Amino acid sequence: MHSLIELWESVRDFIATGGDVLYIVAIVLFLMWVLIIERFWFISREYPVLRNKIIADWDARVDTTSWYAHKIRDAWVSEASSKLNERINVIKTLVAICPMVGLLGTVTGMIAVFEIMAVQGTGNPRLMAAGISMATIPTMAGMVACLSGVFVTSKLEGKVKSAVHELADSMPHH
């Protein structure tokens, strides 16, 4: 319990050093990861049920060779692909937003530096250091959030692509 309190205090100090923009980065990061976890959950738990139903429906068809059957197969594969790709663009958008929000922190931190310089002058670098921290920490946090999202989104897209190809291959159309 004691180490949990220390961890919370460290996070609070980090956010205080980086400024309020870190709250926005944290919210974007939280939303991004909720959606990523939901997509992995769908692929591992819900999609196999959908895939098995589509394959069973295809295997139950008498006609699998006609033009009409081919179009039905394509529609079912397209429907499964659509369900697999849900929210992927939202996740990609959140990944792209992370560095932009970090740069917003850079702007607000530099504004703080310029305000200190306007009031105190350039003679006290210690006062300017807080503003510089407010400028660099959100940028770093935004980039780290972005990188984590880029790697996981790439893995997610690979799983989706593989699942769609696997489904299409499981439905022969002689």
Taking 8 Å as the Cα distance limit and 6 or more residues as the minimum spacing, I'd like the relative contact order of the chain as a percentage.
37
State whether the range 1-96 is rounded, prolate or oblate according to the following rule on the C-alpha gyration tensor (a ≥ b ≥ c being the square roots of its eigenvalues): a/c under 1.5 gives rounded; otherwise a/b larger than b/c gives prolate, and the remaining case gives oblate.
oblate
Here the FRET efficiency for VAL144 versus LYS53, based on Cβ atoms and R0 = 30 Å and rounded to 0.05, is 0.15
Plugging the Cβ-Cβ distance of GLU46 and ASP74 into 1/(1 + (r/R0)^6) at R0 = 25 Å yields, to the nearest 0.05, a FRET efficiency of 0.70
Output the peptides 60-71, 40-51 sorted from most to least packed, where packing is the average of other Cβ atoms within 10 Å over each peptide's residues.
40-51, 60-71
Could I have the simple spin-label model distance between SER81 and ALA129, label points 7 Å from Cα toward Cβ, reported in nm to one decimal?
5.7
Specify the inter-centroid distance of the range 1-67 and the range 86-127, based on alpha-carbon positions, in whole Å.
27
Compare VAL25, VAL107, VAL95 in a GNM of the chain, Cα atoms joined below 10 Å, and give the one with the largest fluctuation.
VAL107
So THR64 and MET100, fully extended at 0.36 nm per residue minus their Cα-Cα distance, gain in nm 7.9 nm
Run a plain Debye calculation on the range 67-108 (Cα atoms as equal point scatterers, no solvent) and give log10 I(q)/I(0) at q = 0.33, 0.34 Å⁻¹, rounded to two decimals, same order as the q list.
-0.97, -0.99
Cα point-scatterer Debye curve for the chain, base-10 log of I(q)/I(0) at q = 0.09, 0.11, 0.12, 0.18 Å⁻¹
-0.51, -0.64, -0.70, -1.06
Can you give me the P(r) profile for the range 110-174? Cα pairs, bins 10 angstrom wide beginning at 0, each as a whole percent.
19, 22, 16, 14, 12, 9, 6, 3, 0
Residue separation between GLU9 and PHE30 times 0.36 nm, minus their alpha-carbon distance, gives in nm 5.6 nm
Mean-square fluctuation check for the chain, GNM, Cα pairs under 10 Å: which of GLY121, GLY19, GLY149 is largest?
GLY121
Between the helical axis of 88-120 and the dominant principal axis of the chain, each derived from Cα atoms, what acute angle in degrees is found, rounded to the nearest 10?
10
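Quick note: the coordinates plus some simple rules give every number you see, no bench work behind them. Bear in mind the structure is a predicted one, so any value in this text is a computation, not a measurement. Every residue, glycine among them, receives a Cβ derived from its backbone with ideal geometry; neighbour counts consider all protein chains shown.
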